Amino acid sequence: MSDHGSSATAILYAFFANLGIALSKLAASIYTNSGSMLAEAIHSFADCGNQVLLYLGLKQSQKPADAKHPLGYGRITYFWSFIVALLLFSMGGLFSMYEGWHKLHAPEPLNKAWVALLVLGVSIGLEFVYHGLHARNQQAAQGQTPASLGEAHAQRGAGRGAR
């Protein structure tokens, strides 16, 4: 059960990171009137939707066995992961092809590049926060703290020098 808890937490961390990234891209697209930034915002909102589907599958997989599903619902997460993959590759690919075709036939000049760089910085920051929280959550699930990790590393290093 703790595996489901850490997976759910990781999905929620990723959802909030993607939501922050999507909102920053949407604000940038409104400010700059950039179609490509709007496409990026839509992509990030789609990532949020994917996280919702994965969370839904994880929660459904925790239902107990019943007469219709005597072995339980544990593998339903694979179904939702498959749906997420289909959505990512089909809808994302089609939208990317549309944007590429549109940009080839109606190119736009680059304006306010600093906004795109700001969005990139915000995105990198949110991803670092997400990965840091996820790593801390994984360490806590395994009963490790940063101090115990350092002690274990020091003990391994001391053991190697004695060989």
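Three principal axis extents of region 2-161 based on alpha-carbon atoms, in descending order, are 61, 56, 25 Å. Computed from the Cβ-Cβ distance with R0 of 30 Å, the FRET efficiency linking H102 to H131 stands at 0.35.
Here's the list of lysines a cross-link from K59 could span, going by alpha-carbon distance under 24 Å and ignoring same-chain residues fewer than 8 apart: K68. Legend: calculated FRET efficiency, S81 to I124, from the Cβ-Cβ distance at R0 = 35 Å, rounded to 0.05, equals 0.85.
Counted by neighbouring Cβ atoms within 10 Å, the residues D47, D66 run from fewest to most as D66, D47. Sorting 102-108, 133-139 by their mean Cβ neighbour count within 10 Å, with the most densely packed peptide first, gives 133-139, 102-108.
We did not get these values from a lab; they are worked out from the coordinates using the rules stated. Keep in mind that what you see is a predicted model, and the values were worked out from it rather than measured. Note that we place each Cβ from the backbone using ideal geometry, even for glycine, and neighbour counts take in every protein chain shown.
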